[in-house]
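Since the structure comes first, as structure tokens, the remarks are kept for the end.
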Amino acid sequence: MKFFLDTANLNQIKEANSLGILDGVTTNPSIMAKEGIKGEDKINQHYIDICEIVDGDVSAEVIATDYDGMINEGEHLAKLHPQIVVKVPCTENGIKAIKYLAGKGIRTNCTLIFTVGQALLAAKAGAAYVSPFIGRLDDISSDGNVLINQIIKIFGYYQFETSVLAASIRHTMHIIQCLDAGADVATCPLSAIKGLLNHPLTDKGLEVFLADYEKVSF
Ligand code: E4P
């Protein structure tokens, strides 16, 4: 399973990259706004800066909601850097735009997926990725884990080439659930990835090893 970082924060991207486990980055308009990146030129440059840190796919989302606007923006974003994957919301115009962009050889990530039906339409249109939002479903007492499992099972039946990118991951246990379901990618906050490292027996074991070493070292 690949790890993407769900942020536009360059320091966090550098930190995750330095761990040697980073496979890509996802952004969205809220994530970009959180970093205070304003204006088209700055936003475009920020996408390029991210691509230059990580060796992998970087999702950049269209803002337009009409078909012509989506394909124009998508073509523009794709030209910024070969690692850019155009993120398109799962709407009727979005599905049409994914089909058009796929025909032009432009990879897309269909975002805001909350049902198996939405994932199916995006895959049939030729999306490179579908992004089911686990955390936002869990937030409303629905089960994001059920959705991930269903999408992976159904994509397996029909052998879609679309990768399942588990999104809206809030914590480490979500990552474990995605691993168990067989997700192709999990896009996560850095804290959730680092949480995978933690176990009190590791800390305690290391403490004892070092204390024992001290007893015999001169
Ligand atoms: C990723 O592609 C999504 O934009 C992101 O995971 C959304 O996460 P959130 O629900 O924490 O905003």
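Values quoted throughout were computed directly from the atomic coordinates according to the rules given, and no laboratory measurement underlies them. Quick caveat, the model's predicted, so the values are computed rather than measured. In this analysis, Cβ positions are derived from the backbone assuming ideal geometry, glycine residues included, and neighbour counts consider all displayed protein chains.
Here are some notes:
- Considering only residues in region 148-194 that are within 22 Å of Leu19 (Cβ to Cβ), in a helix (DSSP H, G or I) and aliphatic (A, V, I, L, M), the one that is nearest to the ligand (Cβ to nearest atom) turns out to be Ala192.
- Contact map, region 125-151: residues that are closer than 24 Å to Val85 by Cα paired with residues that are assigned to a loop (DSSP other than H, G, I, E, B) and of a type in the set (Lys, Arg), Cβ distance under 7 Å, separation 6+ or inter-chain. Pairs shown: Ala128/Arg107; Gly135/Arg170.
- Region 99-112: number of residues that are closer than 30 Å to Ser141 by Cα and surrounded by 21 or more Cβ atoms within 10 Å (Cβ to Cβ): 4
- Taken over region 113-140, the criterion of being within 12 Å of the ligand (Cβ to nearest atom) and either buried (at least 22 other Cβ atoms within 10 Å of the Cβ) or within 21 Å of His76 (Cβ to Cβ) (or both) is satisfied by Ile113, Tyr129, Val130, Ser131, Pro132, Ile134.
- For region 169-208, residues that are farther than 19 Å from Gln12 by Cα and in contact with a helix residue (DSSP H, G or I) (Cβ under 8 Å, 6 or more places away or on another chain) total 6.
- Being within 11 Å of the ligand (Cβ to nearest atom), farther than 19 Å from Lys194 by Cβ and in contact with a strand residue (DSSP E or B) (Cβ under 9 Å, 6 or more places away or on another chain) is a condition met by at least one residue of region 31-51.
- Ile21 vs. criteria part of a loop (DSSP other than H, G, I, E, B), touching a Phe, Trp or Tyr at 6+ places or on another chain (Cβ under 9 Å), in contact (Cβ under 8 Å) with a residue 24 or more places away in the chain and away from the ligand (no atom under 14 Å from the Cβ): yes
- Among the numbered conditions (1) within 16 Å of the ligand (Cβ to nearest atom); (2) surrounded by fewer than 22 Cβ atoms within 10 Å (Cβ to Cβ), the only one that Ala64 does not meet is (1).
- Whenever a residue of region 196-218 is more than 28 Å from Thr172 (Cα to Cα), it has no partner that is small (Gly, Ala, Ser) lying with C-beta atoms less than 9 angstrom away and at least six residues away or across chains.
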